Amino acid sequence: MITDTLMATGSWSLRLKDETPQLVLDALDWTRVTAVGFGHLFVFPARVNAPALSTTQLLTSSRWTGVLLEWSDARTIAGAGPAWWLGDASSVGDIISTPIARTAGTLTQWVSDLRPASLNAGTVTDPGGTATGSYQWVTRREALEAIADSFGVEWQVTPALALNVGISTALWASDPTVLVLPRFEGRDGTYRGLDALGVKRAQDLREYANAAHVLGPSTVTTATGASGFLDINGNAVTRGVVVNASSAVPGSESTVATNERTLRSSTRRHVVLSSDSHDIAGDVQPGAYAYVFDPLLNLIDTANQIQFAGTMVYPLKMRVMSQTWPIRQGYGVWFRDGNGTLTDLTDWFVPEEGAGTIEFGSIQRTLSNMTGLVGTQDSGKLANQVSYTAWVNYTATITQPGAVAATVTRAKYRRNGTQVEVHVRVDMTAAGTAGNAIAISLPVTAAFSGNVDIVGVMAVYDVSAGQIYSGVARLASTTTIDCFAHNSGASSIGGNPNFALANGDVVSCHINYEAAA
């Protein structure tokens, strides 16, 4: 049985016959051949001669590609779908240990950075815009989902192990070609009719919220809407959700809030139908749209008028969220291990009977479960998973009125949201003017400044006296820092103690401060 779900790993299981040769069983046993572990199962709608196909042909003709992960007993193998290579729902997968960071990166650039080597490059439909951020100690799936939410797009891993990213209508046709209705199976014109053997309709308000509060790097952004629902005392029902987006791109909080509220502010509708169509996966896939028509269950939409099989029908347009289908008699099934060795399972699997199921409904609610640019339900978890951006060099300047000149040995900073960390060392090559404060420029404008706004430490080494003057660094302005020495009062080093920078002196600092929004 195979279960395929929109933007999820999916699952599969296959029962082998009792008379399956030991040679075939051994070819599926990673304790005998290590390369068997994480090998791939290929399911075709008909018997095929896989060895005659190239790797590309094998991938592109497969109806389903699964990853072998489990032997549940002596004859049953199981695993996950191709999206498993991105990472699973338990945050286990290809962990980003070395930070992946971009400043104003496009969707195409981000997808290229985040796609694991285990997946092939697919299509990226870039909607425009950029995102700045850094990811470390998260799976590639978590990072990709955060980026996808930032750009308002979705992702798909095909049976060909290709990663596609884009808006839904770029990945799946928005105009349905499948019509699900009672008591009809076949084609009429451009439409493929699927007989709905049984239809169940449900709706729920379990995840309903009409307000979304996004905790951004510098502000809290709220998107609200009227619910129309009342509590027992006649008050308007208000339910909200908080999304931690502390590493979001400044300015993107409004989009995240609006998207989250939109996802949650309507009744979630489900329609689950069963069908014994021979090839459900070939007819429609999760993420695609289909027409569903059943007047008895009020699954109608008079805005959609279709002439089908001699009858006028008014179907409701719905999106496929998941589907489950049996591996039937007549399918071709092959296994390929990591060494490229193919094993034919077509004659050795137990064919499954019964109908497949298709679930239609609203898009899954995922934003508040994301990490990275969007956030996580566990606000403490985000700080551990999203790294600071990489250190960036900047052109630091040092001033003490006079002919100051210096070699910038080190001047770099890194930023996470509005927090900025700076480290600078400059070696003087010309003199300044005594009695004046020594100041260093900041890479990013500060949110505030003042005599007692202490942000770190600063030191001056006087080479001629062999003396180090050290003290606390303060924000002299929103663009510079200078340094108070111990008990120096309101005067900064250079004024108190009074001396001029000279050739060979060294000035250094390490500070943290809040950047202006």
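Brief remarks follow.
- Search result, residues across the stretch 137-186 that are touching a strand residue (DSSP E or B) at 6+ places or on another chain (Cβ under 6 Å) and aromatic (Phe, Trp, Tyr): Trp155, Phe184
- Evaluated against (1) closer than 30 Å to Arg15 by Cα; (2) hydroxyl-bearing (Ser, Thr, Tyr); (3) not in a helix (DSSP H, G or I), Thr60 falls short on exactly one condition, (3).
- When residues of the stretch 223-246 are limited to those that are of a type in the set (Val, Ile, Thr) and surrounded by 15 or more Cβ atoms within 10 Å (Cβ to Cβ), the one modelled with the lowest pLDDT: Val243
- For the stretch 100-126, taking the residues that are free of Cβ contacts under 8 Å to residues at least 24 places away in the same chain and in a helix (DSSP H, G or I), the one that is surrounded by the most Cβ atoms within 10 Å (Cβ to Cβ) is identified as Asp113.
- Candidate set from the stretch 188-203 (those that are at pLDDT below 80 and either assigned to a loop (DSSP other than H, G, I, E, B) or of a type in the set (Lys, Arg) (or both)); member that is surrounded by the most Cβ atoms within 10 Å (Cβ to Cβ): Ala196
- Across the stretch 309-347, the qualifying residues are those that are crowded, with 20+ Cβ neighbours inside 10 Å and among the aromatic types (Phe, Trp, Tyr), and the one among them that is nearest to Ala290 (Cα to Cα) is Trp325.
- Unmet criterion (only one of (1) of a type in the set (Phe, Trp, Tyr); (2) in a loop (DSSP other than H, G, I, E, B); (3) closer than 30 Å to Arg415 by Cα) for Phe38: (3)
- Residues located in the stretch 35-54, provided they are loosely packed, with under 14 Cβ neighbours inside 10 Å and free of Cβ contacts under 8 Å to residues at least 60 places away in the same chain: Asn49, Ala52, Ser54
- Restricting attention to the stretch 425-456, the residues being over 16 Å from Val408 (Cβ atoms), part of a loop (DSSP other than H, G, I, E, B) and either under 36 Å from the mean Cα position of the chain (by Cα) or at pLDDT 90 or above (or both) number 4.
- Subset of the stretch 301-317 [in contact with a strand residue (DSSP E or B) (Cβ under 6 Å, 6 or more places away or on another chain), among the hydrophobic types (A, V, I, L, M, F, W, C) and assigned to a loop (DSSP other than H, G, I, E, B)]: Ala309
- Test: residue in the stretch 411-419 that is at pLDDT below 90, part of a loop (DSSP other than H, G, I, E, B) and within 43 Å of the chain's Cα centre (by Cα): yes
The values are calculated or read from the model by the stated rules, or taken from the named source; none is laboratory data. All values reported here derive from a predicted model rather than from experimental measurement. Counting neighbours? That spans all protein chains shown, and the Cβs are built from the backbone with ideal geometry, glycine included.
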